[in-house]
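Accompanying notes for the structure given below.
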Amino acid sequence: MLDVIKKLKNIFIILFLIIILSTYILLSFLYLRGPIITLKGKLEKTINVNDYYKEEGYKAKYIYYDLTNEIIVNNNINSNKLGDYNVYYKIKYNNKEYTQKRLIHIKDIEKPIITLNENSSACPNKEFVETGYEVSDNYDSDLKDKVIVEKNKNEWIYTVSDSSGNKAKKIRKIIYEDNIKPKITLNSPNYNIYINSTYTDPGYSVSDNCSDDLKNKVKITGTVDTKKLGKYIITYEVTDESGNKTKETRTVNVVNRPIFVSKAIYLTFDDGPSANITPKILDILKEEGAHATFFINDHGRNLDYIIKRAVDEGHTVASHTLSHNFYSVYASENAFFKEIDGVHNIIYNASGKRNKIFRFPGGSSNTISRFNPKIMTRLVKMADSNGYLFYDWTIDSNDAGGSNTKESIYNNVTKYMGYQSLNIVLMHDSANKYATLNALRDIIRYGKQNGFTFLPITETTPQSRHHINN
C-alpha cells in the first residue's frame, strides 16, 4: 500500500513539472512571437487601373488582447499607373515591430470600347461609305488610328487592342435600302402673276440620296388660266428607283395689276367701328365727296349697321383682326388668319361684300411680335401665297401716339402729301378719337384745294409695305 502511494506521489510530481514546463515553454513562445496580424480577404489582389483600392480589413491579437487599433497601414498605391504595390500593416509591441503585407497588382484588364455611328445603311446600287466610329479606353488615350476594319459586303468588322493586350471587336451590319424620299425644291413656291400675263414655270430642282438625276422624271400637273383671277395649284411629283415618292405644290395667284393713281389720297381708319366717332366720320366723308378705308376689329353685332352703311356709301371695309390682341393674334399662323377671316366674315354678313384686304395690327414692321420669332416673315409669305392683300401706311397722323390735337394731326397728314407718291394715311376711329374727327374736314379740304382725290383702297391699289423686322 505504501508503495502504491509512493508511486502515485511520484506521478503527480512528474505531471506537475510537465505542466509547469509546458506553460513556461508556451508563454516563452508567445512572448517571442508577439502579436499576430490577420488580413481579411486575399493577400494578393489584382485591381483594374483607375479603380479605387478598397481595404478589405485586418486585425491584430496578442494572446487574448485585441491590438487592432494600434496597427499602422502604409501603402504607395497609384491606381492610375500600372505596377505592383505593397500594403504594409505594422504594429509595435514590447519594443519590437511586427509586419504583415498585401500585394496589389494594378493592371489594365478592361477592353476598349468601339462605338459605331448608328447609320449603317447604304443605297442598293452603291457601296457603303464609312459613317464614323469612336474608340474609348480606360487607360490608353487614343486608339482610333489602331483600329483594323475588315470590309465585307454585308458587314464590317472593327477590331482594336490596347497596350495591355485587351482586344475589342464590333460588327456593323450593313443594310442596303433606300427609304428616303427625293427632294423637290421649287423656285418661288408662292407665285403671283398679273391677270392677262403669260405664265412661265419659275423652275425647280430635284435631289436624291441614291439617284443622281431625277429631274427628267418629274411629272407636272395643273394649269394656270391667266385670264381669270384666282388661285391655281401646280403639282410636281417624282419617284426614285426604290419607289420613294415625293410631291410638292406651287401656288400661283392670278391677281389684278396694281393701278397707281396720281394725286390720290387713301384715308384709312383703324380699330373701329365706334358708335360715337365712325358715323360722324362717314357724315363728313359724304358731305365732302371723299372715300376712305376702314380696318375694323370685332366690336359686336350691334355696330354692324355702321359696316353696312360704310360699304353702301362706297367705302372699303377690311380686316384688322377680331381682337387686336398682339399675343393672341401673333401666337401662330393659324391663330392670325382665323382672326383675319373672322372679320372678313363679319363684313360679309353685314354688307354682302367680301374682300381679302387686311392690315396687320402694329403694321408688318411691328416688333412686339418678336415673342414668336419670324412670325411676321411667315405671315407675309402666307398672305401672298393665298391671295391676301395687306396695306401698311406711308403717312402717320400719329393720333395713336403723341398727337392729340386737331392742329397736330392736320399738320402731320398734310405736310407729307405727295403728288407722285402713294399716300396712305393712318388714322383711327375708335371711341376717343375726337381730335381726328375734328381735323378730318380740314384735311380733306386741303387735299381737294391741292388737286388730290380721296379714294378707298381696292384690290388694284398698289400695296404699301413696311420693312419686316421679325
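Mind checking which of Thr235, Thr185, Ser207 is farthest towards the positive end of region 183-255's charge dipole, using Cβ charges of +1 (Lys, Arg) and -1 (Asp, Glu) about the Cα centre?
Checked the options; the winner is Thr235.
In nm, to one decimal, how far is the Tyr348 label point from the Ser141 one, both placed 7 Å along Cα→Cβ?
The modelled label-to-label distance comes out at 7.3 nm.
Order of Met417, Met382, Met376 from fewest to most other C-beta atoms within 10 Å?
Met382, Met417, Met376
Longest exposed-loop-site-free stretch of the chain, with chymotrypsin sites (Phe, Trp or Tyr not before Pro), DSSP loop and at most 12 other Cβ within 10 Å?
65-259
Assign one of three labels to region 91-173, namely rounded, prolate or oblate, based on the Cα gyration tensor with a ≥ b ≥ c the square roots of its eigenvalues; rounded applies when a/c is under 1.5, prolate when it is not and a/b is larger than b/c, and oblate otherwise.
prolate
Any chance you could check the Cα centroid distance between region 371-450 and region 56-94 for me, in angstrom?
So the two Cα centres are separated by 92 Å.
Run the quick spin-label model on Glu407 and Asn69: label points 7 Å from Cα toward the beta carbon, then report their separation in nm to one decimal.
Spacing of the two 7 Å Cα→Cβ label points: 10.1 nm.
Give me the extension gain from Tyr52 to Thr458: residue separation times 0.36 nm, minus the current Cα-Cα distance, reported in nm with one decimal.
Gain on extension, Tyr52 to Thr458, equals 138.0 nm.
Tell me, what is the FRET efficiency for Met382 and Asn325 to the nearest 0.05, using R0 = 22 angstrom and their Cβ-Cβ distance as r?
Rounded to the nearest 0.05, the efficiency is 0.65.
Starting from the Kirkwood Rh over alpha-carbon pairs, what translational D in µm² s⁻¹ does region 264-454 have by Stokes-Einstein at 20 °C and 1.002 mPa s?
127 µm²/s
So for the chain, taking the charge dipole from beta-carbon charges (+1 Lys/Arg, -1 Asp/Glu), which of Pro373, Asn86, Thr198 sits furthest toward the positive end?
Asn86
With +1 on the Cβ of every Lys and Arg and -1 on the Cβ of every Asp and Glu, and nothing else charged, how large is the dipole of the chain about its Cα centre, in debye rounded to the nearest 20?
1500 debye
Answer with a single label: of (1) 74, 46, 42; (2) 88, 60, 43; (3) 166, 63, 44, which was calculated as Cα extents along the principal axes in Å from the structure in view?
(3)
Treating cross-link reach as a plain straight distance, find the lysines whose alpha-carbon is under 16 Å from the alpha-carbon of Lys286, omitting any fewer than eight places away in the same chain.
Filter leaves Lys308, Lys448.
Can you compute the helix-only [θ] at 222 nm over the chain? Use -39500 (n - 2.57) per DSSP H run of at least 4 residues, normalise by all residues, nearest 500 deg cm²/dmol.
Value at 222 nm, helices only, nearest 500: -7500 deg cm²/dmol.
Pulled fully out, how much extra length does the chain show between Asn334 and Leu39, if you take 0.36 nm times their separation in residues and subtract their Cα-Cα distance?
That pair, Asn334 and Leu39, stretches by 98.6 nm at full extension.
Calculate the spin-label point distance for Lys308 paired with Lys219, positioning each point 7 Å from the Cα along the beta-carbon direction, and give it in nanometres.
5.2 nm
What percent does the relative contact order of the chain come to when contacts are Cα pairs within less than 8 Å and at least six residues apart?
RCO, the chain: 11 percent.
Would you work out the charge dipole size for region 131-189 about its Cα centre, treating the Cβ of every Lys and Arg as +1 and the Cβ of every Asp and Glu as -1, and quote it to the nearest 20 debye?
That gives region 131-189 a dipole magnitude of about 340 debye.
Just how large is the dipole of region 237-278 about the Cα centre, in debye to the nearest 20, putting +1 at every Lys and Arg Cβ and -1 at every Asp and Glu Cβ?
320 debye
Rounded to the nearest 0.05, what FRET efficiency is calculated for Lys448 and Ser365 with R0 set to 30 Å and r the Cβ-Cβ distance?
About 0.45, to the nearest 0.05.
How much length would be gained if the chain were fully extended between Arg301 and Glu288, taking 0.36 nm per residue of separation minus their Cα-Cα distance, in nm to one decimal?
Fully extending the segment from Arg301 to Glu288 adds 1.8 nm.
Read the figures in this text as sums done on the coordinates, not as results from a lab. Remember, predicted model here, so these are calculated numbers, not experimental data. Using ideal geometry, Cβ is built from the backbone for each residue, glycine included, and neighbour counts are taken over all protein chains shown.
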